[in-house]
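**Student:** Below is a structure I'd like to ask you about.
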Amino acid sequence: VYLHPSTTPYPHGFKCFTCEKASDNYECNRWAPDVYCPRGTRYCFSQHMIYNKYIKKCFPWNSSFPVGPGIPHSLFSQVCTSCCEGSICNLPLPRNASDAVFATLSPLSAGAPPLSPPGLATPLGLGLAL
């Protein structure tokens, strides 16, 4: 979803669904505050800890980006993480390896870790505890 530039608080402003420790995706999206992400953020981050909690937030690109397998939070938890670029693009939650993706609309910066050719979705992380 692209917003008209005159309606955003700064150039390229965008919104993400945001919640911490929601009990389900519906609760997260329904009660998410309707605010713009702060300057310096570029992506919408979503993390689904199966049978546990849901996290969605605005996210900057930096060296601590959680690319690769997720870190299990308990012995029997599965963690799926995804990131997307674009206003309110994080409506669905990652639930498996095909949903846990990094999706960008623009070329990655030189400082970003290489994932795949710009514009393609790349598996981001699916961690399983055995």
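**Student:** What about Arg95, is it surrounded by fewer than 16 Cβ atoms within 10 Å (Cβ to Cβ), modelled with pLDDT of 85 or more and charged (D, E, K, R)?
**Tutor:** no
**Student:** Looking only at region 34-50, decide whether some residue is part of a strand (DSSP E or B) and of a type in the set (Lys, Arg).
**Tutor:** Within region 34-50, not a single residue is part of a strand (DSSP E or B) and of a type in the set (Lys, Arg).
**Student:** If you don't mind, there's one more thing I want to ask. In region 12-59, which residues are without any contact (Cβ under 8 Å) to a residue 12 or more places away in the chain and over 18 Å from Pro92 (Cβ atoms)?
**Tutor:** His12
**Student:** Kindly list, by first and then second residue, each pair from a residue in region 82-106 that is of a type in the set (D, E, K, R) to a residue that is modelled with pLDDT under 80 and not in a loop (DSSP other than H, G, I, E, B), limited to pairs with Cβ atoms under 8 Å and residues at least 6 apart or on different chains.
**Tutor:** Glu85/Ala103
**Student:** Hey, another quick one. In region 71-86, is there at least one residue being at pLDDT below 85, assigned to a loop (DSSP other than H, G, I, E, B), aliphatic (A, V, I, L, M) and farther than 15 Å from Lys15 by Cα?
**Tutor:** yes
**Student:** Name the single residue, out of those in region 98-118 being modelled with pLDDT of 55 or more and farther than 13 Å from Ser46 by Cα, that is surrounded by the most Cβ atoms within 10 Å (Cβ to Cβ).
**Tutor:** The residue in question is Thr104.
The values are calculated or read from the model by the stated rules, or taken from the named source; none is laboratory data. Not measured: the values here are computed from a predicted model. Methodologically, a virtual Cβ is constructed for each residue, glycine included, from the backbone with ideal geometry; neighbour enumeration extends over all protein chains shown.
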